[in-house]
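What follows is a single structure, written as structure tokens, with notes after it.
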């Protein structure tokens, strides 16, 4: 969302993504922060995400690298996002998904 936010306020990115961003702003509870640009804010390179579903708690962290600048049309959209398990349960779940290729019911993971 942060990347879309920056692109929307810089006037770059494709029109469909900008329309999606505008739709997201219409949802109740969306913070006012997303409505006003903050050009001096520096976003951290690591994002932590915890998912809770079906009695599982999976903590992961993600790192995003963006190549180029907003003035470089060839590179402005090139991003690499890598996710890593941040705890033992998330690691076991990632290994289970790799082994089963996600073709088994979640009830098989415990």
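The values are calculated or read from the model by the stated rules, or taken from the named source; none is laboratory data. Because the structure is predicted, anything quoted here is derived from the model rather than measured. Here the Cβ is made from the backbone with ideal geometry for all residues, glycine too, and neighbour counts use every protein chain on show.
Numbers below:
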read-out: Any pair with Cβ under 9 angstrom, 6 or more apart, that starts in the stretch 19-31 at a residue that is within 11 Å of residue 5 (Cα to Cα) and ends at one that is assigned to a loop (DSSP other than H, G, I, E, B); value: 21/1; 21/13; 24/1; 24/30
read-out: Cβ-Cβ under 9 Å pairs, at least 6 apart or on other chains, the stretch 94-110 side in the same structural domain as residue 59 (by TED's automatic domain parsing), far side assigned to a helix (DSSP H, G or I) and exposed (fewer than 10 other Cβ atoms within 10 Å of the Cβ); value: 96/108; 100/108
read-out: Subset of the stretch 82-101 (residues that are under 21 Å from the mean Cα position of the chain (by Cα) and outside any helix (DSSP H, G or I)); value: 82, 83, 84, 85, 86, 87
read-out: Enumeration of residues in the stretch 7-20 that are at pLDDT 70 or above and assigned to a helix (DSSP H, G or I); value: 15, 16, 17, 18, 19, 20
read-out: Residues that are at pLDDT 75 or above and either part of a loop (DSSP other than H, G, I, E, B) or over 20 Å from residue 78 (Cβ atoms) (or both), drawn from the stretch 21-32; value: 22, 23, 24, 25, 26, 27, 28
read-out: Check on residue 104, modelled with pLDDT of 90 or more, surrounded by 12 or more Cβ atoms within 10 Å (Cβ to Cβ) and more than 30 Å from residue 42 (Cβ to Cβ); value: no
